[in-house]
Amino acid sequence: MSVTIKDVAKAVGVAPSTVSRTLQDHPSISLETKERVRKAMDRLGYVPNASAQNLANKYSNTIGVILPEITTKDRRSNPFYLEVITAMNEEARKQKVTIAIASGETQTELLENVQLMYRQKRVDGFVMLYVQENDLVLDYLVANNVPCTIIGNPYRYNNESNCVDNDNQLLGRTATQHLIDKGHERIVFVTNNDQENFFKERYGGYVKAMSQNQLAPIDYFCLKQPTDYLVFEEYLKAERPTGCIAIDDMFAMRLIQMVNLFGFSVPDDISVISFNNSIFTTLIHPYITSLDIHAELLGKTALEEFLIQLKDEQAMKKRVIIPHTLIENETVRDLT
């Protein structure tokens, strides 16, 4: 049977309210009484009820971290989320707060988890690690004025949102310009995800860079179904592009294996550049040239910005941009 506040109060000879105030380090309780109460707690093995304390305090000192619904194996194993959460956890330790993960197999399940965590005051608010269109979770957070910082650029509520992001259009332009500077003119953008905002912005950057260099951009290839791969193989053999831009490192690794199966060599026949500079860039040879989006800095900054907004309700919502770095490895051939 668990030890209660009443048990501690009886052992010390004080009222239960005195024990409760001791837990809150209330100044109305003398240091001597606090010491007696704390010793009794240790002796009896009393464990404070965190949920009950949170209801009594203004802050729970816990930040909810919302993952996207886990709909695919790629999302479940994407190192981006691990890197961001690790950085957030480290920063939370420095700020003397904790983080709690909200996840779900579907958006409805994810929304229910978020609502429960906030209603029970288990968290002070949330950092969202994703952006998607028509998002029920973001709708709930905005409608209920729940403190929130988003990693990414939302489709709606831009003026009401606190965001930390990369300039994804600039990322797309930088990747494309790097290939062009290396002498490539026939460049194609390849992805396995054409729904999220970061893809649309990166592809937009590709189109802009191609146009600025008087080169003709082409429609992107989205490879999801077996028939998509057949169409892409036909395109490679007919048009012979010399450069491919992959949506991220995980997909770039798969893309390199795929073009090898089609009879092409990377980078001798086709150069590949991608985004994130994750662990996948050095898992196989040739090492993948990639744009480092500094996931750790995204996570650290998102947590910092959340705490600023939480403690100052008058703080202006803002969008913080994290710069990127080009990491040149072995998958881009210099044609100049």
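As a summary of the residue check, Q309 satisfies the conditions (1) at pLDDT 95 or above; (2) buried (at least 16 other Cβ atoms within 10 Å of the Cβ); (3) within 22 Å of I63 (Cβ to Cβ) except for the one numbered (1).
Here are the criteria: (1) open to solvent by less than 60 Å² (accessible area, probe 1.4 Å); (2) modelled with pLDDT under 95; (3) assigned by the TED database to the domain that holds V131. Tell me which single one D194 does not satisfy. Going through (1) open to solvent by less than 60 Å² (accessible area, probe 1.4 Å); (2) modelled with pLDDT under 95; (3) assigned by the TED database to the domain that holds V131 one by one, D194 breaks only (3).
Mind counting the residues in region 140-162 that are over 16 Å from P68 (Cβ atoms) and either open to solvent by less than 60 Å² (accessible area, probe 1.4 Å) or not in a loop (DSSP other than H, G, I, E, B) (or both)? Qualifying residue count for the region: 10.
For region 65-77, the condition holds for no residue, the condition being that it is in a helix (DSSP H, G or I), of a type outside the set (K, R) and at pLDDT 90 or above. Residue count for region 84-115, restricted to those that are in contact (Cβ under 8 Å) with a residue 12 or more places away in the chain, in a helix (DSSP H, G or I) and either within 13 Å of A302 (Cα to Cα) or outside the structural domain of L136 (by the TED database) (or both): 8.
If you take the residues of region 316-331 that are polar (S, T, N, Q) and surrounded by 14 or more Cβ atoms within 10 Å (Cβ to Cβ), which of them is nearest to P286 (Cα to Cα)?
T331
Selection over region 282-299 of residues that are under 29 Å from G125 (Cα atoms), surrounded by fewer than 21 Cβ atoms within 10 Å (Cβ to Cβ) and out of contact with any strand residue (DSSP E or B) (no Cβ under 6 Å at 6 or more places or on another chain) gives a count of 3. If a residue must be of a type in the set (D, E) and either more than 23 Å from G299 (Cα to Cα) or surrounded by 21 or more Cβ atoms within 10 Å (Cβ to Cβ) (or both), how many such residues does region 116-134 contain? Total meeting the criteria: 1. Determine if region 235-242 includes at least one residue that is modelled with pLDDT of 95 or more, assigned to a helix (DSSP H, G or I), open to solvent by 50 Å² or more (accessible area, probe 1.4 Å) and aliphatic (A, V, I, L, M). Yes, because at least one residue in region 235-242 is modelled with pLDDT of 95 or more, assigned to a helix (DSSP H, G or I), open to solvent by 50 Å² or more (accessible area, probe 1.4 Å) and aliphatic (A, V, I, L, M). For I270, state whether it is touching a residue at least 24 places away in the same chain (Cβ under 8 Å), in contact with a Cys (Cβ under 7 Å, 6 or more places away or on another chain) and either open to solvent by 70 Å² or more (accessible area, probe 1.4 Å) or over 18 Å from L171 (Cβ atoms) (or both). Judged against the criteria, I270 is a match. State whether the residues of region 210-227 include one that is open to solvent by 40 Å² or more (accessible area, probe 1.4 Å), within 22 Å of F280 (Cα to Cα) and either assigned to a helix (DSSP H, G or I) or not small (G, A, S) (or both). Yes; the residues of region 210-227 include at least one that is open to solvent by 40 Å² or more (accessible area, probe 1.4 Å), within 22 Å of F280 (Cα to Cα) and either assigned to a helix (DSSP H, G or I) or not small (G, A, S) (or both).
When residues in region 197-209 are screened for being open to solvent by less than 40 Å² (accessible area, probe 1.4 Å) and of a type in the set (A, V, I, L, M), 1 of them pass.
The values are calculated or read from the model by the stated rules, or taken from the named source; none is laboratory data. What you are looking at is a predicted structure, and each value in this text was computed from that prediction instead of being measured. As a convention, Cβ positions derive from the backbone with ideal geometry for all residues, glycine included, and neighbour counts pool all protein chains shown. Quick note on the areas: whole protein, heavy atoms, side chains included, nothing else; ligands and nucleic acids left out. Shrake-Rupley method; radii C 1.70, N 1.55, O 1.52, S 1.80 Å.
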